[in-house]
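Everything on this sheet refers to the single structure shown next.
The values are calculated or read from the model by the stated rules, or taken from the named source; none is laboratory data. Note that this is a predicted model, so its numbers are computed, not measured. Methodologically, a virtual Cβ is constructed for each residue, glycine included, from the backbone with ideal geometry; neighbour enumeration extends over all protein chains shown.
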């Protein structure tokens with residue numbers, strides 16, 4: 001168990017800067033998720049912690065001890081890879097035993113047997129111990145890879161998209177198991193993913209990574225409900241958030257928001273804290289963020305609704321996504337399955353403004369949202 005810190009870590013590959021001044025403070029026993037698009041630098045952070053790669057600048061610390069000059073073998077980390085990395089000629093038992101038999105640990109066979117049995121039973125794979133990797137499904141291979149990491153009881157577990165090759169049903173089951181395993185062992189765990197649902201369901205806290213920078217750190221709820229900018233807002237959601245350009249104008253003791261597309265004006269519902277932030281920001285150009293579940297639609301004309309046309313309709317399991325178009329603006333909405341929807345047919349759209357968040361139109365940075373104080377009360381956990 002360890003507290004892991006990165007302080008101003010920079011890593012370059014030739015002329016490419018993979019990490020640029022990354023600073024993280026991961027708490028002891030925390031399940032910490034690195035989330036971002038492909039190529040963001042997530043795996044490079046993991047490799048710098050493991051000692052596989054050494055940063056040109058900055059330091060990596062375990063419990064306050066600088067680890068930059070400590071080689072990977074002596075950092076006492078355990079990695080689980082996307083591609084399982086199992087020895088094909090060894091049985092499951094021998095794959096799990098391999099780290100304990102290494103020159104670094106040299107455990108006796110009785111200890112190894114008991115430890116493997118304990119982990120195999122906990123992970124419900126004791127019946128697989130005499131099989132070869134070629135005789136396993138992808139889900140079973142991933143269990144073995146995780147089991148091999150667990151037998152060592154390291155200071156920190158490092159997991160690089162370990163569920164990427166599993167089907168959706170198995171991924172859901174494995175997410176639940178991962179949280180349970182981490183809770184049982186109480187070991188600091190750092191998990192890399194580009195999957196929004198994995199990040200939200202697994203992380204005690206999440207770091208958003210993009211282009212070698214840490215963009216935002218917080219709980220899943222904090223980042224989802226109060227993203228620091230539009231990039232994070234779009235990353236945290238599926239379907240992604242609607243960003244609607246417009247202008248803001250003082251109107252009596254409140255504000256009016258006028259959309260760029262179509263010019264429709266909305267008198268914003270009263271929220272004194274929100275309006276105070278508008279007063280302080282002094283912005284006239286502002287962009288409104290609306291999650292797809294906070295848009296309403298009708299296929300019949302309704303007073304106050306925007307007249308749009310259906311751009312696309314996609315059924316995704318137990319729900320559907322309608323994309324409506326009005327000029328250059330596209331609006332994503334959640335709908336039930338089984339609708340009879342045709343491309344280019346008229347659809348009328350309204351917004352539940354009490355769920356809106358707002359961004360600076362020039363910088364794309366978060367400004368404020370409705371009910372922010374209430375959201376902070378449940379989204380931000382104090383230590």
Original post:
For residue 216, are the conditions met, namely being surrounded by fewer than 22 Cβ atoms within 10 Å (Cβ to Cβ), free of Cβ contacts under 8 Å to residues at least 24 places away in the same chain and within 23 Å of residue 23 (Cβ to Cβ)?
Top reply: yes
Subject >> Meets criteria (in the same structural domain as residue 244 (by TED's automatic domain parsing), surrounded by 16 or more Cβ atoms within 10 Å (Cβ to Cβ), touching a residue at least 24 places away in the same chain (Cβ under 8 Å) and within 13 Å of residue 295 (Cα to Cα)) for residue 323 >> reply: no
Original post:
Looking at residue 78, is it touching a helix residue (DSSP H, G or I) at 6+ places or on another chain (Cβ under 6 Å) and in the same structural domain as residue 163 (by TED's automatic domain parsing)?
Top reply: yes
**OP:** Return the total of residues in the range 336-383 being surrounded by 15 or more Cβ atoms within 10 Å (Cβ to Cβ), over 18 Å from residue 306 (Cα atoms) and out of contact with any helix residue (DSSP H, G or I) (no Cβ under 9 Å at 6 or more places or on another chain).
**Re:** 1
Original post:
Which one of these is assigned to a helix (DSSP H, G or I) and assigned by TED's automatic domain parsing to the domain that holds residue 34: 223, 208, 217?
Top reply: 223
**OP:** Search the range 160-176 for residues that are in the same structural domain as residue 45 (by TED's automatic domain parsing) and pair each with any residue that is exposed (fewer than 15 other Cβ atoms within 10 Å of the Cβ) and part of a helix (DSSP H, G or I) when their beta-carbon atoms are under 7 Å apart and the residues are at least 6 apart or on different chains.
**Re:** 165/138; 166/138
